[in-house]
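Encoded as structure tokens, the structure appears first; notes follow it.
Nothing in this text is a laboratory measurement; each read-out follows from the coordinates by a stated rule. It should be emphasised that the depicted structure is a prediction, and the values quoted were computed from it without experimental measurement. Backbone-built Cβ (ideal geometry, glycine too); neighbour counts: all protein chains shown.
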Amino acid sequence: MKYQVAIIGGGPAGYTAAEAAGKAGLSVVLFEKNNVGGVCLNEGCIPTKTLLYSAKVFDYARHASKYAVQVPEASYDLAKIISRKSKVVRKLVLGIKARLAACNVTLVTGEAQVVNSHTVRCGEAEYECEHLLLCTGSQTFIPPIAGLEETGYWTHRDALDNKEPIHSLVIVGGGVIGMEFASFFNSLGVQVTVIEMMEEILGGIDRELAALLRTEYTKRGVKFLLNTKVTAFRKDETGTIVSYENAEGTGDVTTEKVLMSVGRRPVTQGFGLENLQLATTERGNIRVDEYMQTSVPGVYVCGDLNGTSLLAHTAVREAEVAIHHILGKQDPMSYRAIPGVVYTNPEIASVGATEEALQTSGTTYRVIRLPMTYSGRFVAENEGMNGFCKVLVDENDVLLGVHLLGNPSSELIVLAGMMIEDRRRYSDWKKYVFPHPTVGEIFREID
């Protein structure tokens, strides 16, 4: 029961660290109380994108006439959409288990408890380790609003498993998760209302693009209540009544279902974190250095638990950095170019600084804007859509931020992220030969 590396949490950070350490020849034990893959694979990133792709296919079928294709009666089967989602998740979970087994990782199912920096208990057994990685992820935050517990509200987990069609849905929270579910249910013909406390949806995303996306979904029938606070919930024979207040006064929305999507919080309880006495930041997050090591030597925190960037792809990179440090490699973590994607239809993708962040920091910058219709491929495949590319550069034309609206932004943003990470000028894109026609050619059009 002695291992060189012990990892608590089998999400993107945990299973990546386990695989990397195993491949390097280290002895590894990985503790996971539910299914490997964590929230991202089992009830987050992958299942939501599976549902959203079904919704996108349905959208294409309903609007096929735009492309001179006739689909007489497009329809969907929600139960089968959910079933397909579950099949995709099962396949990927089995794939991760196989990869861990191939790397000789010991997978222990159960609730692990940290005894000290070199000892983990799970059930009656104790495991000794030289290095400890904490990768416990995050959980949905549910605010204490009057009447909420009596409504039978949904979290994202419930929405992902719902097989019965609904007619109306109120989404409390207009962040990434809220907007992705708004997109999904809107495509299925559900009357969606999004209630957001901030003055714009998608906080942290470039505000100009967020407003454009909101305008698009308003045209599709989604109702938005911005700068609005939910004050209470109650049920009657008509459904759930959501009470709210804003600058215009108070009001109610009656809905069949309520989806709570106001954010996530790192999981800090239930695994003995307090036994380590780790130093924290002013915001209360666990303090880590550029190699993800905490104030206790040999103890690393990767993924959502450190509170830096609650994104699966950030967690993957942090895990690699931590294992490299254990192996004696100097490979510091950089957050300069962490991409963010909203998988609505159309997609939004961003990397680097936003205008709002640059204005707050007092950084001098210049904005370059151009429509996605500069790309022939985009015009051919996005009938009736304009799309938008926004590039922020400093006084030397070095890229600071890139923000895209339009499909397939999620596949293009890494091209911008690599340039930002390496502090390249936007003119450097012209040195590369892009295949034609591709939407990615939009970057060569920037001038």
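A Cα-only calculation for segment 1-52 places Rg and Dmax at 12.8, 44 Å. Using a cutoff of 8 angstrom between alpha carbon atoms and counting only pairs six or more residues apart, the relative contact order for segment 148-262 works out to 35 percent.
Give me the percent of DSSP beta bridges within the chain that run antiparallel, rounded to the nearest 5. Bridges in the chain that DSSP calls antiparallel: roughly 60 percent. The slack between Asn386 and Arg366, meaning 0.36 nm per residue of separation minus the straight C-alpha distance, is 5.0 nm. Across the chain, C-alpha contacts under 8 Å between residues 6 or more apart give a mean separation that, scaled by the residue count, equals a relative contact order of 15 percent. Evaluated at q = 0.13, 0.20, 0.22 Å⁻¹, the base-10 log of the normalised Debye intensity for segment 148-262, with identical point scatterers placed on the Cα atoms, takes the values -0.45, -1.10, -1.32.
Between Asp252 and Phe141, the C-beta separation translates, for a Förster distance of 25 Å, into a calculated FRET efficiency of about 0.55. Remark: the Ala79-Asn162 segment gains 29.1 nm on full extension, using 0.36 nm per residue and subtracting the alpha carbon distance. Where the alpha-carbon atoms of segment 227-351 are placed on the principal axes, they occupy 63, 40, 27 Å, in descending order. Would you please give the FRET efficiency between Tyr60 and Thr218, computed as 1/(1 + (r/R0)^6) with r the Cβ-Cβ distance and R0 = 25 Å, to the nearest 0.05? Computed FRET efficiency for Tyr60 and Thr218: 0.70.
Computed log10 I(q)/I(0) for segment 340-445 at 0.15 Å⁻¹: -0.59, from the Debye equation with unit scatterers placed on every C-alpha and solvent omitted. Remark: relative contact order (segment 113-171) = 16 percent; criterion is Cα-Cα distance under 8 angstrom and separation of 6 or more residues. Between Gly137 and Val267, Asp304, Leu305, the built amide H atoms are under 5 Å apart, and every one of these is 5 or more places off in sequence or on another chain.
Evaluated at q = 0.12, 0.17 Å⁻¹, the base-10 log of the normalised Debye intensity for segment 282-340, with identical point scatterers placed on the Cα atoms, takes the values -0.25, -0.50. Applying a threshold of 21 Å to the alpha-carbon distances of Lys56/Lys97; Lys49/Lys235; Lys33/Lys257; Lys33/Lys97; Lys85/Lys219; Lys49/Lys80 flags Lys56/Lys97; Lys49/Lys235; Lys33/Lys257; Lys85/Lys219 as lying beyond it.
Charge dipole of the chain (Cα centre as origin; +1 on each Lys and Arg Cβ, -1 on each Asp and Glu Cβ, all else neutral): 1060 debye, rounded to the nearest 20. Taking each DSSP H run with n ≥ 4 as -39500 (n - 2.57) and averaging over every residue of the chain yields -9500 deg cm²/dmol at 222 nm. Residues whose amide H lies under 5 Å from that of Trp154, counting only those 5 or more places away or on a different chain, are Val258, Leu259, Met260; hydrogens are built 1.01 Å from N in the peptide plane. For Gln191, the residues 5 or more places off, or on other chains, whose built amide H falls under 5 Å of its own are Ser168, Leu169.
Normalised radius of gyration for the chain, please: alpha carbon Rg relative to 2.2 N^0.38 Å, two decimal places.
Compared with the compact-globule rule of thumb, the chain sits at 1.04.
For segment 148-262, DSSP calls about 50 percent of its internal beta bridges antiparallel.
For the pair Lys431 and Thr109, a Förster radius of 45 Å applied to the C-beta separation gives a FRET efficiency near 0.35, rounded to the nearest 0.05.
Result for the chain in a Gaussian network model with C-alpha springs under 10 Å: among Tyr426, Tyr15, Tyr76, the largest mean-square fluctuation is at Tyr76.
For the ranges 217-230, 320-333, 165-178, 427-440, what's the packing order if you count other beta-carbon atoms within 10 Å of each residue, average per peptide, and put the highest first? It would help to have the intermediate numbers written out before the result.
Numbers: 217-230: 16.1, 320-333: 17.9, 165-178: 21.9, 427-440: 14.2.
Those peptides, ordered most packed to least, come out 165-178, 320-333, 217-230, 427-440.
Partnerless cysteines in the chain, where a partner means another cysteine C-beta under 4.7 angstrom, comprise Cys103, Cys122, Cys129, Cys135, Cys302, Cys389. Normalised radius of gyration (Cα atoms, divided by 2.2 N^0.38 Å) for segment 37-180: 1.43.
Net charge around Glu290, counting only other residues with Cβ within less than 14 Å of its Cβ (Lys, Arg = +1; Asp, Glu = -1)?
0
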